[in-house]
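**Q** A single structure is presented below for examination.
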Amino acid sequence: MLDVVAIADTHLKSTEKYGKPNADGTNSRLQDKIDAIDKAVKYALKEDVDLFVHLGDVYDKINPSEFLRSKFLNTIKPLIGKIPIIIVIGNHDTDENVFSLMADDVLLDTLQSDDIMIFEEPSEIEVEGVEFLILPWKKDEIIEKELKAHKNKIVLGHFGVDGALASGSEFVLSKGVSQRLFERHLYTFLGHYHRYQHTNNFMYVGSVARADFGERNDPKGFVHFKVSDKNKVKTKFIDVKDRNFFQYTVSEEDDHSFDALYEWEDLEGDIVKIIFHGSEEWYLSFNLSEIRHKVLDVLGAHRIFIDHKKPGISKDLSMDIDLSSNWREGLEYYTNKKNRKDMLDLGEKIINEVL
Ligand SMILES: [Mn+2]
């Protein structure tokens, strides 16, 4: 029996839109992500697992600051000498020449880097009799070739899958590989898409923290999987209980004086978005600083975002598109409106190059 803890898509960065500076200056959402990694590390130690895996996109950019490097490495440090660590390089970790985890890292050396295995190329390894195929970020054709060239492996990868679901805040970079290629393997564990999801053949572990209101209903966490001596795979998702994203729409028709505000009892630690849906005059009749005070100081919310949508004034204002929409939804809306659905692929391609 082999026991593994797998996390993915931590995307560590210093500034986070929905966070605020903690007393020590660290962004609170960065700290939430660090806390989530810490939960996975403590869990792995408590359960005495055999392997700890990060499925890619450790950092958000390829040249993370010394501060972010030490935050991450200090968080996984308790594993060193106890549980070997595998890191699969994701698309945010590499530009094919440099990859963020390797760049002359003094910390990595001091952490006895033999205990941390970083994979930037397709590789096969065996851990206690279990055979792994490791597939870091590459073009879909290379991933497909590798999946076809092997079989009966536990695959650890970072790539897109055709038909899998991306989160609301993500832009999908490629069509992704065919799900049928996973049938020849024992099981495939993936990073890249941020939404936790699984079938009989593959799983996206998902990111550890919500990036936007589009992910407000998605669970966030890590996975504990076991491979039996007969190569049967069992998986268990462990929710890290990420900070709640609470979104509420106040409608001029249904709740003219926003009475709902006085029914809320507790928003402790929540990130709150209130959308006022109605006319300009109605929206301007509210005392926004009073609402902010109530939500933040009385109900204990972490942050508040207030938005206004005017219905029926311009056809450009769509209730389907808001701050939580992703690029593709925006492009789809725009190309539909302009009757140029044929431009969708080109639009995606351009955004892909720019982002
Ligand atoms: Mn990725």
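All of the numbers you see were taken from the coordinates with simple rules; none came from a lab. Everything numeric in this text was worked out from a predicted model, so none of it was measured. Cβ atoms come from the backbone with ideal geometry, glycine included; neighbour counts cover every protein chain shown.
**Q** Non-local amide H neighbours of Thr188 (under 5 Å, H modeled in plane, Pro and chain starts lacking H): which ones?
**A** Amide H neighbours of Thr188, under 5 Å, 5+ apart: Val155, Phe202, Met203.
**Q** Given 0.36 nm per residue, what is the gain on full extension from Glu265 to Asn231 after removing their alpha carbon distance, in nm?
**A** Residue separation times 0.36 nm, minus the Cα-Cα distance, leaves 7.3 nm.
**Q** Something else: Using only Cα atoms, find the angle between the long axis of helix 140-149 and the longest principal axis of the chain, and express it within 0 to 90 degrees, rounded to the nearest 10.
**A** Value to nearest ten degrees: 40.
**Q** Using a Förster distance of 22 Å, how high is the FRET efficiency between Lys17 and Leu165, based on the Cβ-Cβ distance and rounded to 0.05?
**A** That gives a FRET efficiency of 0.50.
**Q** Now for a separate question. Under a point spin-label approximation (7 Å from Cα along Cα-to-Cβ), what is the Ser178-Val127 distance to one decimal in nm?
**A** 3.0
**Q** Within the stretch 30-45, find all residues whose amide N lies under 14 Å from a label point positioned 7 Å from the Cα of Ser65 along Cα-to-beta-carbon.
**A** 30-31
**Q** Tell me the mean residue ellipticity at 222 nm calculated for the chain from its helices only (DSSP H runs of n ≥ 4, each -39500 (n - 2.57), averaged over every residue, nearest 500).
**A** Helix-only estimate at 222 nm: -6500 deg cm²/dmol.
**Q** Just rank Lys148, Lys33, fewest to most, by other beta-carbon atoms within 10 angstrom.
**A** Lys148, Lys33
**Q** For the stretch 2-239, what number results from the quotient of the Cα radius of gyration and 2.2 N^0.38 Å?
**A** Against the empirical 2.2 N^0.38 Å value, I get 0.95 for the stretch 2-239.
**Q** Explain nothing, just compute: Karplus ³J(HN,Hα) = 6.51 cos²θ - 1.76 cosθ + 1.60, θ = phi - 60°, for every residue of the stretch 214-222 in order, whole Hz, x for Gly and Pro.
**A** In residue order, the calculated couplings are x, 9, 5, 9, 8, x, 10, x, 9 Hz.
**Q** Would you mind calculating the relative contact order of the chain from Cα pairs under 8 angstrom and at least 6 residues apart, reporting the percent as a whole number?
**A** 14
**Q** How many nm is it between the label spots at Asp239 and Leu346, if each spot is 7 Å from the Cα in line with the beta carbon?
**A** 4.6
**Q** Could you give the angle, 0 to 90 degrees to the nearest 10, between helix 28-46's Cα long axis and the longest principal axis of the Cα atoms of the chain?
**A** Helix 28-46 and the main axis of the chain meet at about 40 degrees.
**Q** Return the equivalent ellipsoid semi-axes of the stretch 245-324 as a descending list in whole Å, where each equals the square root of 5 times an eigenvalue of the C-alpha gyration tensor.
**A** Ellipsoid semi-axes (Å, largest first): 23, 14, 10.
**Q** Right, something else. Where both residues lie in the stretch 2-239, what percent of DSSP beta bridges are antiparallel, nearest 5?
**A** Antiparallel bridges: around 45 percent, rounded to the nearest 5.
**Q** Ok, one more. State, to one decimal in nm, how far the label point of Asn152 lies from the label point of Asn74, with both points 7 Å from Cα in the Cβ direction.
**A** 4.7
**Q** A further question on this structure: Taking amide H positions as placed 1.01 Å from N in the peptide plane, with prolines and chain starts having none, which residues 5 or more places from Val250, or on another chain, fall under 5 Å of its amide H?
**A** Ile275, Phe276, His277
**Q** What is the angle, in °, between the Cα long axis of helix 66-76 and the longest principal axis of the Cα atoms in the chain? Nearest 10 is fine, range 0 to 90.
**A** Roughly 60 degrees, rounded to the nearest 10.
**Q** Going by amide H atoms built from the backbone, whose H comes under 5 Å of the H on Gly221, apart from near neighbours?
**A** Val240
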